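The values are calculated or read from the model by the stated rules, or taken from the named source; none is laboratory data. The structure displayed is predicted, hence computed values, not measured ones. For neighbour counting, all protein chains shown are included, and Cβ atoms are generated from backbone atoms with ideal geometry for every residue, glycine included.
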Amino acid sequence: MKRKYVPSLTRQMAQCEANYARLLKLMPDLDRCDEREFQVSHGEFHATVRLSVAERFNYTSTVVISQRSEGSSDWLEAPELMIRLYHDAGMAEVVCIKRRRQLSGVYGYPNSDMRHPDEKAQLNDFLGEWLSHCISHGHQLEPVFLN
C-alpha cells in the first residue's frame, strides 16, 4: 500500500529561510532596487539571470527569477519562478512557475496537471540549488568604477 505524501514543515521552513538568505545575498538592496541582472558562468556554460521585483509591500515582496542562456535550444524551456518573500518571518518560497496559477503544498496523485505530490518542495529545493549556484558562479554585468 502506497503512503500518502506528508510534507515536513521543519524541512520546508529551513529551506525557505535559507532561500531568503540566499536571495538577500544576491539582491541586498531589495527594498529600493527593482531589478538585478548578472551572468553565471561554469566552464563553457554562460547564462544571464534576472531578479525582478514584481510587488513590494510592508511585510512581503514578490520576485521573479528567470534565466536566459546563450545558444539556448527551443526544446528546453528557460526556468522562471515567482518567489514570495515574507520579510517578517525571513522566508522565501516558490509560489508559481512561469506565471501559471499558484502552487498547492500537496497534490493528490495521479492528477490532471501531472504534478508530483511534493512538487512545491521540489521547486523550493531547486530554487535553493539555483541561488547557491548563482552565488558561487555569478558575476555582475555592469562595470565597477574605482576612484
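Sort out for me the strands (runs of 3 or more DSSP E) sitting completely within the stretch 18-83 that have 3 or more residues that are in contact with a Pro (Cβ under 9 Å, 6 or more places away or on another chain). Give the derivation first.
Numbers: elements: 35-42, 45-56, 60-69.
Because the criterion is at least 3 residues that are in contact with a Pro (Cβ under 9 Å, 6 or more places away or on another chain), the strands (runs of 3 or more DSSP E) in the stretch 18-83 that meet it are 60-69.
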- Would a scan of the stretch 62-72 turn up a residue that is within 30 Å of MET13 (Cβ to Cβ) and exposed (fewer than 12 other Cβ atoms within 10 Å of the Cβ)? no
message = Take LYS98 and tell me if it is at pLDDT below 85, surrounded by 15 or more Cβ atoms within 10 Å (Cβ to Cβ) and either closer than 22 Å to ARG22 by Cα or in contact with a strand residue (DSSP E or B) (Cβ under 7 Å, 6 or more places away or on another chain) (or both).
response = no
Of (1) at positive phi; (2) surrounded by 11 or more Cβ atoms within 10 Å (Cβ to Cβ), GLY43 satisfies every one except (2)
